[in-house]
1. Place a point 7 Å from the Cα of E159 along the Cα-to-Cβ direction; which residues of the range 28-49 have their backbone N under 11 Å from it?
2. Report the net charge of residues surrounding A89, where surrounding means a beta-carbon distance below 10 angstrom and charges are Lys +1, Arg +1, Asp -1, Glu -1.
3. I want the local charge near A161. Using Cβ-Cβ distances under 12 Å, sum +1 for each Lys or Arg and -1 for each Asp or Glu among the other residues.
4. Just to be sure I understand the model, the point goes 7 Å from the Cα along the line to the Cβ. What's the resulting S117 to S64 distance in nm?
5. Would you mind computing the Rg to Rh ratio of the chain from its alpha-carbon coordinates, Kirkwood style for Rh?
6. Say the dipole of the range 10-190 comes from +1 at the beta carbon of Lys and Arg and -1 at that of Asp and Glu; which of V71, A33, S121 then lies farthest toward its positive end?
7. In the Gaussian network model of the chain, springs joining C-alpha atoms below 10 Å, which of D144, D136, D114 carries the largest mean-square fluctuation?
8. Grab the other residues whose beta carbon is less than 12 angstrom from that of E179, score K and R as +1, D and E as -1, and report the net.
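Where a number appears in this text, it was derived from the coordinates with a stated rule and is not lab data. Note that this is a predicted model, so its numbers are computed, not measured. Here the Cβ positions follow ideal geometry from the backbone for every residue, glycine too, while neighbour counts run over all protein chains shown.
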Amino acid sequence: MSQAPTREVAKRVFAREFNDATYTFKESDEERAPNFALLPTGDRANRVFVVGTLTETEDIGDDSEYWRGRVVDPTGTFFIYAGQYQPEAAAFLRDTEPPAYVSVVGKPRTFETDDGSINVSLRPESITAVDEGTRDRWVVETADRTLDRIEAFDDDTNEYAAMATERYDASLLDSYREEVLTALESLDGVAEDEPEATA
């Protein structure tokens, strides 16, 4: 029996918000119930879709290959980990020479460090090389989705916003608004960065 129809839609989220999404939960007690990361903008994400620049790859495995990749967007860094259970993603990280534009669909994972802080990373389902135009479109669309989530945050029927209010600092929303502007301005800079602009 195929599980495809019940797959969660991958949410577009910037690195800054993704790394702040330290709280995870399940919505049922079933053994195979999906894990969700609670986004501080008041939504849940079982899968995310990110696009950015792969700036670094490293095999950090001891006995077998276990690859870590850094993918950077205008707001911060996603850390991606792929090993024997993600063979295609691991092969991509092994064979790709940074820097390169990539798109990644994957699942958020949280890990508690020895000092009690929570690190958020991405376990990739797929990694694909893309071009700069794809990255720029992702930034614009992710900015729109982020603003939509912020706009819907105060809706009384938004149960995930209510959860986020309990779990996260409310001032984060203002910082995400600023991050959206910074991300969009970074695209303007790309377009205007012509060689003759050396005054």
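1. 28
2. 0
3. Charge balance near A161 sits at -4.
4. 3.1
5. Result: Rg/Rh = 0.99.
6. A33
7. Between D144, D136, D114, it is D114 that shows the largest mean-square fluctuation.
8. Numbers: positive: R16, R177; negative: E17, D20, D73, D174, E178, E185.
My count for the surroundings of E179 gives -4.
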